[in-house]
Amino acid sequence: MRFRKSFPLASAILLSLAALAAARGTVDLAGEWRFHKSEAAADADVAGWENVTVPHSYNAKDGQDGGTYYRGPAWYSKSFEIPADAKGQRVFLQFEGAFLVTDVYLNGKHLGQHRGGFAGFDFEITDDLKSGANELRVRVDNAANEDVPPLSADFTMEGGIYRPVHLLVTNDACISPLDHGSPGVFISQEIAGDAAKLSVRAELDALHDTAAKLEVKVTDAAGKVVASESKDVELAAGKRISATIPLEMKNPHLWNGRKDPYLYQMTVSLMKEDAALDSVTQPLGLRTFGIDQEKGFLLNGEPYAMHGVNRHQEKRDMGWALADADHKADIDMILEIGATCLRLAHYQQSRTVLDLCDRSGLIVWEEIPLVNAITPSDAFADNAENQLTELIRQHFNHPSVAAWSMFNELYLRPTPPVESLVKRLKAKAHELDPG
């Protein structure tokens with residue numbers, strides 16, 4: 001544990017990108033896909049495959065009674081088109097979550113593999129798209145894997161593309177979505193007296209050399225700009241750079257849990273000749289967390305009562321394939337009982353849940369699925385560290401998150417492999433979030 005201070009789609013997409021020329025746009029790949037719950041070849045004929053709606057869990061029914069359920073490979077297929085006016089734009093394929101090991105193919109090419117069931121992951125597909133229909137194939141395998149946590153747990157290991165899938169369309173120069181599935185923007189904060197000192201880091205890249213300006217604006221709850229800074233940046237073709245801007249806010253309105261979950265918004269834009277090449281907006285809640293032996297948990301330096309529950313991502317007959325409304329219904333019930341905090345057990349959960357906690361003032365403990373047991377191998381340790389990196393990178397800016405938890409309920413006595421892994425994860429957590 002560490003504490004820290006659309007467009008609808010049917011079988012094909014027809015997207016006009018003219019409106020996206022000055023910024024990014026997204027295309028929802030939810031809806032009808034073809035599905036085959038067994039092994040298959042990457043180029044198999046899908047004519048006989050089942051029609052399903054993604055997000056989708058292939059254990060929504062057989063996995064909900066706590067007994068035996070299918071654990072093995074399954075395949076998904078989706079056809080989409082990108083029109084000619086997409087030329088010159090960059091296109092990224094974004095998965096918000098698929099369990100457990102996922103292989104992605106586009107037009108017969110293997111784009112890559114993601115190992116882990118709860119974090120988002122991206123691929124750039126700009127050079128792999130073709131005119132006309134593009135065929136996306138996804139192999140998902142929820143079989144037990146000794147190199148990928150969780151090895152076991154008291155919940156169903158549901159296979160499937162169970163969270164949304166999108167296309168992200170950007171200009172040549174953009175705020176990179178390829179940093180471990182993160183937004184590419186990281187806001188560090190220090191609250192002292194009547195001022196908030198911020199450090200805003202953006203990950204930038206471009207296909208061609210270009211000069212641009214990085215601009216940061218903070219708006220209050222009424223939409224008024226209350227702080228802004230900018231700096232010139234030089235982007236080199238094919239090279240990602242980090243650019244950091246310091247920013248200070250006087251007399252900030254603090255995010256104060258359920259008492260007053262006040263949110264600013266921060267928009268980070270890559271500008272050229274006063275036009276936005278790309279923009280990313282993130283929540284900004286200004287607060288401090290701490291623990292005192294006598295006073296307990298401290299929020300903004302004051303004792304704050306912590307009453308909460310655990311939350312899993314599941315619903316009867318739907319499994320993990322929840323809609324935003326289902327996440328909201330869960331959070332509404334948690335708020336109704338008077339909870340002030342929430343443990344997201346035992347794994348990284350949907351960014352929708354974090355958004356709801358930010359807005360409602362719930363204080364969050366979030367963790368990676370290092371539960372019950374470990375494999376004492378370098379491969380397992382590497383994957384656990386990568387899942388921790390994804391968790392912190394993807395949810396770094398959410399003001400509701402007070403703690404990153406690295407493991408829980410490990411039923412092994414402390415042994416050198418466990419101690420070594422925990423030490424390694426602590427070091428990685430501190431490196432990613434030293435606050």
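Things worth noting here:
- Loop-resident sites, the range 388-428, for chymotrypsin sites (Phe, Trp or Tyr not before Pro), counting at most 14 other Cβ within 10 Å (DSSP): Y411
- Percent carbon-and-sulfur accessible area, the range 240-315, ignoring ligands, DNA and RNA, probe 1.4 Å: 46
- Members of K295/K428; K213/K428; K224/K259; K239/K272; K217/K239 lying beyond 27 Å, as alpha-carbon distances in this model show: K295/K428; K213/K428
- Surrounding net charge for A323, when Lys and Arg each add one and Asp and Glu each subtract one, Cβ distance under 12 Å: 0
- The fraction of accessible area contributed by carbon and sulfur in the range 347-387 is 47 percent, rounded to a whole number (1.4 Å probe; ligands and nucleic acids excluded).
- In the chain, the DSSP-assigned H stretches of four residues or longer account for a calculated mean residue ellipticity at 222 nm of -4500 deg cm²/dmol, using -39500 (n - 2.57) per stretch and the full residue count as denominator.
- Radius 14 Å from Cβ of S377, net charge of other residues (Lys, Arg +1; Asp, Glu -1): -3
- With every protein chain in place and a 1.4 angstrom probe, the accessible-area ranking of M318, M271, largest first, reads M318, M271.
- The order of S188, S360 by accessible area, most exposed first and with a 1.4 Å probe, is S188, S360.
- Candidates per trypsin sites (Lys or Arg not before Pro) in the range 295-368, loop by DSSP, up to 13 other Cβ within 10 Å: K295, R316
- Accessible area expressed per residue, the chain, with surrounding protein chains retained (probe 1.4 Å, Å²): 43
- When the GluC sites (Glu not before Pro) in the range 128-185 are filtered for DSSP coil states and for at most 14 other beta-carbon atoms within 10 Å of their beta-carbon, the remaining sites are E146.
- Rolled with a 1.4 Å probe across the full set of protein chains, the surface gives L129 an accessible area near 40 Å².
- Accessible heavy-atom area order of R24, R240, highest first, probe of 1.4 Å: R240, R24
- Distance between the range 236-265 and the range 174-217 - C-alpha centres, whole angstrom: 9
The values are calculated or read from the model by the stated rules, or taken from the named source; none is laboratory data. Small disclaimer: the values here were computed from a predicted structure and weren't measured. Backbone-built Cβ (ideal geometry, glycine too); neighbour counts: all protein chains shown. Heads up: the accessible areas ignore ligands, DNA and RNA and are worked out on the full protein's heavy atoms, side chains in. Shrake-Rupley method; radii C 1.70, N 1.55, O 1.52, S 1.80 Å.
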